[in-house]
1. Are any residues in the range 154-188 more than 17 Å from the chain's Cα centre (by Cα), at pLDDT 85 or above and surrounded by 14 or more Cβ atoms within 10 Å (Cβ to Cβ), and if so, which ones?
2. Output the qualifying pairs, or none if there are none: Cβ atoms under 8 angstrom, residues six or more apart or on different chains, first residue in the range 58-80 and touching a residue at least 60 places away in the same chain (Cβ under 8 Å), second residue of a type in the set (Asp, Glu) and open to solvent by 60 Å² or more (accessible area, probe 1.4 Å).
3. Any idea how many residues of the range 23-55 are over 14 Å from residue 12 (Cα atoms), open to solvent by 20 Å² or more (accessible area, probe 1.4 Å) and assigned to a loop (DSSP other than H, G, I, E, B)?
4. If you check residue 150 against the conditions, is it under 27 Å from residue 27 (Cβ atoms), touching a helix residue (DSSP H, G or I) at 6+ places or on another chain (Cβ under 8 Å), open to solvent by less than 40 Å² (accessible area, probe 1.4 Å) and modelled with pLDDT under 90?
5. Would you confirm whether any residue within the range 3-21 is more than 21 Å from residue 133 (Cβ to Cβ), among the aromatic types (Phe, Trp, Tyr) and open to solvent by 30 Å² or more (accessible area, probe 1.4 Å)?
6. Those residues that are in contact (Cβ under 8 Å) with a residue 12 or more places away in the chain, not in a loop (DSSP other than H, G, I, E, B) and not aliphatic (A, V, I, L, M), I need them from the range 105-145; list them, please.
7. Looking at the range 69-104, which of its residues are open to solvent by 20 Å² or more (accessible area, probe 1.4 Å), more than 16 Å from residue 138 (Cα to Cα) and in a helix (DSSP H, G or I)?
8. Can we say residue 188 is part of a helix (DSSP H, G or I), within 21 Å of residue 28 (Cβ to Cβ) and among the acidic types (Asp, Glu)?
Amino acid sequence: MPKRGYHHGNLRQALIDAALELIEARGPMGFTLSEAAKQAGVTPAAVYRHFEGREDLIAEAALQGYEIFADLMEYAYEKGQPSALAAFSATGRAYLAFARKYPGHYIAMFESGISINRTPELAAVANRASGVLEKAATGLSQHIPEDKRPPASMFSAHIWALSHGVVELFARNSPGRASPFPPDDLLETGIGIYLRGLGLINPDE
């Protein structure tokens, strides 16, 4: 493969981009650093000038993914304002949209086994993403009597789990598994059922 001539700091990003392509095609453990180097058009030795090993490379891909994810979640939340319900619902849809548009990042973040506590930077940006959903849950549940109100962290964790489950089972073309309904509809109705159970929306909404 001919060298792409990366320079001025672009090699690091070229290696991340190559890793993302390989992660999407083969999974996070389905490639070697040498293959990432070949994909980027450089020698294997060049990788070690930027990354200590494959996990380090995947962790950087996950970090960039969380940055994109957090930005998308914040954008969705703000776009739904001033309606607390619209803002909350938008964050759930943003999760699904992210998984579809950035599959390599999504896999690096959630399926690689890389801990968000691997580095302070990764932990901070991951917490920023989850914090948006928790903020949306806080705004939506503030009218529930305090003695009947679930903690915002639990509320948001339920929706995160629901969103993640829909993505994993039905939005990423799992082998041999066909979605009984469009993933967007599954997520929308699932969130609706949850919110009705809390009395946050009426049965006919």
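1. Listed by number, the residues that qualify are 155, 186, 188.
2. Short answer, once both residue conditions are applied: 63/121.
3. 3
4. Judged against the criteria, residue 150 is not a match.
5. Yes.
6. Answer for the range 105-145, where residues must be in contact (Cβ under 8 Å) with a residue 12 or more places away in the chain, not in a loop (DSSP other than H, G, I, E, B) and not aliphatic (A, V, I, L, M): 105, 106, 110, 121, 128, 130, 134, 135, 138, 139, 141.
7. 71, 72, 75, 79, 93, 97, 100, 101, 103
8. So residue 188 does not fit the description; no.
The values are calculated or read from the model by the stated rules, or taken from the named source; none is laboratory data. Because the structure is a prediction, the values reported are computed rather than measured. Backbone-built Cβ (ideal geometry, glycine too); neighbour counts: all protein chains shown. We work out accessible area using only protein heavy atoms, side chains counted, and drop any ligands, DNA or RNA first. Shrake-Rupley method; radii C 1.70, N 1.55, O 1.52, S 1.80 Å.
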